[in-house]
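K.L.:
Have a look at the structure that comes next, please.
The values are calculated or read from the model by the stated rules, or taken from the named source; none is laboratory data. Source: prediction; values computed, not measured. Positions of Cβ are backbone-derived with ideal geometry, glycine not excepted, and every protein chain shown enters the neighbour counts.
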Amino acid sequence: MASVTLGQPVPAAVRVGGWGWRYSGRSAWAVRDLALTIEPGERVLLLGASGAGKSTVLAGLAGVLGGDDDGESEGLLEVDGRPPARARGTTGLLLQDPDAQVILARVGDDVAFACENLGVPREQIWPRVRAALAAVGLTVPLDHPTSQLSGGQKQRLALAGLLAMRPGLLLLDEPTANLDPDGVHEVRDAVAAALDATGATLVVVEHRVAVWRDLVDRVIVLAADGGVLADGHPDAVLADAGSTLRSAGVWLPDDIVPKAPTVTLGEALLTARELAFGRGPAVARRRRRRRSERRSPSVVALPERVSIDLAEGSAIALTGRNGAGKSTLALTLGGLLPVLGGALRAEPALAAGAGAAPEGWRSRDLLTRIGSVFQNPEHQLVASTVRDELAAGPRALGLTEREIRDRVDDLLDRLALSAVADANPFTLSGGQKRRLSVGTALATRPRLLVLDEPTFGQDANTWRGLVRTIAELRGSGHSIVTATHDTEFIAAIGATDLPLGSAREVTA
C-alpha cells in the first residue's frame with residue numbers, strides 16, 4: 001500500500017433531531033425518530049438490521065434523497081449547521097451500488113470528476129487522482145476503460161473519487177461488500193490512512209463488525225422500528241447489548257456458521273471442458289455469428305480455462321481476486337454469455353429437449369433449467385411491486401393464479417420480504433433488493449442456480465435465512481454455482497472452492 005497525502009479538509013459535524021424519511025409510494029417510514037450528534041472527527045460504525053434505514057441515513061446526510069416528489073421528511077438534519085443539500089462539497093458518499101457512481105469512460109477521468117466540479121486547481125487534480133488510486137490499490141492505467149472493471153474494482157474506483165475530493169464527512173455504504181479478502185484489508189487501510197491524514201469525520205455502514213471495529217471509536221445501532229437501539233464505544237455496545245444486537249441481526253464476532261448439509265450427488269447436469277470465457281463490446285454480436293467465424297479482437301477473453309462437472313446436489317464457489325472473471329464465468333455457465341472456446345454442454349437431465357448449448361436457449365428455456373442472480377440486483381428488476389416481481393417467472397411458465405400465489409407467499413416469508421410485498425422494488429434497501437433478486441431466480445425452481453454475491457448486504461438473520469434456503473435446495477437435488485467472497489457462506493452450504501487464477505478440474 002502506497003503512502004499518500006490526501007490533504008486537510010475541515011472535519012464536519014452532524015446534527016440529527018427527530019428526523020425521518022418516507023419514500024414516495026411507501027406507507028412505512030424508512031427512518032423515523034432518529035436523534036443523534038456526531039462531533040467533528042468522530043469515526044462511527046452504523047449498524048442495524050437489513051431494511052432499518054442505514055443507507056437512507058447516509059443518503060440524507062449526503063443531500064441526495066431528493067425533493068417532495070421523491071418522498072416526505074420530518075425533523076432536523078444538518079451537516080456543519082446547514083441542510084445537507086447545501087453542504088455537498090463537504091460530504092463524500094460511497095453508494096452501495098458502485099455502478100451507480102461510475103460517470104466517465106476512463107478511470108483517471110472518473111476519479112478527477114468530483115475535483116473538477118469542486119473547482120480544484122488543475123495542477124492539483126492529477127496528483128490527487130494518482131494518490132487516491134494508489135491508496136485504494138486500484139492498479140490500472142489512468143486511461144483504462146471503466147466499463148472493463150469488475151464490481152469490486154468499481155468499488156475501489158468510487159472510493160478513490162471520494163478520497164481525491166477530500167471531504168470533511170466521509171459516508172461509506174458497504175464499502176468492502178464486493179471485495180476479495182485482500183481488497184477488504186486494502187480498502188479499510190486506505191480509509192484509515194485518509195482519516196489519519198485528514199481528520200475527516202467518518203460514518204460507515206457495514207454488516208460485518210470485525211472489519212471496522214478497531215478503526216471506529218463509536219457504534220450506533222438503528223432500531224428496525226425507528227430511533228436508536230444502541231450507541232457508544234464499540235467494546236461497550238458489543239459487550240453489553242450482545243443479545244439485543246443478535247436478535248436485531250447484527251453480526252457479532254462469536255457468531256457460529258451453520259453446519260454444511262450432507263448431500264448425495266445425482267445425475268449430471270452441466271459439463272465444461274477447457275472452457276474459455278470473457279466479455280466485451282463484440283460478445284453480444286457474436287451470439288448471432290457462426291462458430292467458424294473469427295472472433296472479434298474487441299472481445300476480452302480471460303486467459304484461464306476451466307473444466308467443471310455439475311451434478312444434482314453439487315455446489316461450486318467461484319472465488320479469487322476482483323477482476324479474476326468470477327462474474328463473467330458465472331454468466332457463461334448460466335447461458336447468458338457465449339462460449340469463447342472449449343465446450344459447455346447441458347446434459348440430458350438438464351437440457352430435456354432444449355438443446356445441449358445453454359447459450360442458445362431462449363429465456364423460456366432457462367426458466368426451469370438455469371436461474372441466474374446478477375451481481376447488481378437492479379439489473380433484473382422488471383415489476384412495480386415486490387409481489388409482482390416474484391410472480392413474473394411463474395406467470396411466464398403459465399402456472400395458475402393459486403400456484404403463483406402459493407409460491408410467492410412462501411418466498412416472501414422465507415426471504416423476510418412480507419412487510420414490503422406491495423412496495424416498489426427500487427425503493428428497497430440494498431439487502432432487500434438482493435434477497436428479492438434471489439427470490440426471482442427461486443420462483444421458477446430451476447435445476448441449476450447461478451448466484452453472484454448472493455449474501456451481499458445481509459444482516460446476520462437474513463444471511464442465515466438465505467443459507468438455510470439454498471442448503472435445502474441443494475439437499476433436494478438442485479445444483480448451485482456461486483461467485484462470492486463470503487467464506488462463511490461457502491462453508492455453510494458445503495461448496496467446493498474453485499479459485500480463479502489457479503485453474504483446475506472440478507467435480508462437485
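K.L.:
Being assigned to a loop (DSSP other than H, G, I, E, B) and closer than 23 Å to G183 by Cβ is the filter here, so list the residues in the stretch 106-149 that pass it. Give the steps one after another, and end with the answer.
P.N.:
Pass one, the stretch 106-149, residues assigned to a loop (DSSP other than H, G, I, E, B): 118-121, 137-144, 149.
Answer for the stretch 106-149, where residues must be assigned to a loop (DSSP other than H, G, I, E, B) and closer than 23 Å to G183 by Cβ: G137, L138, T139, V140, P141, L142, D143, H144, L149.
K.L.:
Quick check on this structure: which one of G439, G457 is modelled with pLDDT of 95 or more, under 18 Å from E378 (Cβ atoms) and crowded, with 23+ Cβ neighbours inside 10 Å? Break it down stepwise before answering.
P.N.:
Working: G457 fails: modelled with pLDDT of 95 or more.
On inspection, the qualifying residue turns out to be G439.
K.L.:
Taking the criterion of being closer than 20 Å to G81 by Cβ and in contact with a Pro (Cβ under 6 Å, 6 or more places away or on another chain), would at least one residue in the stretch 46-59 satisfy it?
P.N.:
no
K.L.:
Give D189, D217 a once-over and let me know the one that is under 25 Å from A12 (Cα atoms), out of contact with any Lys or Arg (no Cβ under 6 Å at 6 or more places or on another chain) and among the charged types (D, E, K, R).
P.N.:
Numbers: D217 fails: out of contact with any Lys or Arg (no Cβ under 6 Å at 6 or more places or on another chain).
One residue alone meets the criteria, D189.
K.L.:
Looking at this structure, is G48 within 23 Å of G226 (Cβ to Cβ), in contact (Cβ under 8 Å) with a residue 60 or more places away in the chain and either among the charged types (D, E, K, R) or touching a helix residue (DSSP H, G or I) at 6+ places or on another chain (Cβ under 6 Å) (or both)?
P.N.:
yes
K.L.:
Just to be sure before I move on: is D196 in contact with a His (Cβ under 9 Å, 6 or more places away or on another chain), surrounded by fewer than 23 Cβ atoms within 10 Å (Cβ to Cβ) and either at pLDDT below 85 or in the same structural domain as V136 (by TED's automatic domain parsing) (or both) in the structure I sent?
P.N.:
Values: in contact with a His (Cβ under 9 Å, 6 or more places away or on another chain): no; surrounded by fewer than 23 Cβ atoms within 10 Å (Cβ to Cβ): yes; either at pLDDT below 85 or in the same structural domain as V136 (by TED's automatic domain parsing) (or both): yes.
So D196 fails the test.
K.L.:
Also, quick follow-up: Which pairs do you get when a residue that is without any contact (Cβ under 8 Å) to a residue 40 or more places away in the chain, found in the stretch 332-359, comes within reach of a residue that is part of a loop (DSSP other than H, G, I, E, B), reach meaning Cβ atoms under 7 angstrom, with the pair 6+ apart or on two chains?
P.N.:
Every condition considered, the pairs that remain are G335/W361; A354/W361; A354/R369; G355/W361.
K.L.:
Another one. Within the stretch 445-487, how many residues are more than 19 Å from A330 (Cα to Cα) and not in a helix (DSSP H, G or I)?
P.N.:
Total satisfying the criteria: 5.
K.L.:
Within the stretch 201-211, track down each residue that is out of contact with any Lys or Arg (no Cβ under 7 Å at 6 or more places or on another chain) and assigned to a helix (DSSP H, G or I).
P.N.:
Scanning the stretch 201-211 gives V209, A210.
K.L.:
Restricted to the stretch 1-37, and to residues that are β-branched (V, I, T) and buried (at least 23 other Cβ atoms within 10 Å of the Cβ), which residue is modelled with the lowest pLDDT?
P.N.:
That would be V31.
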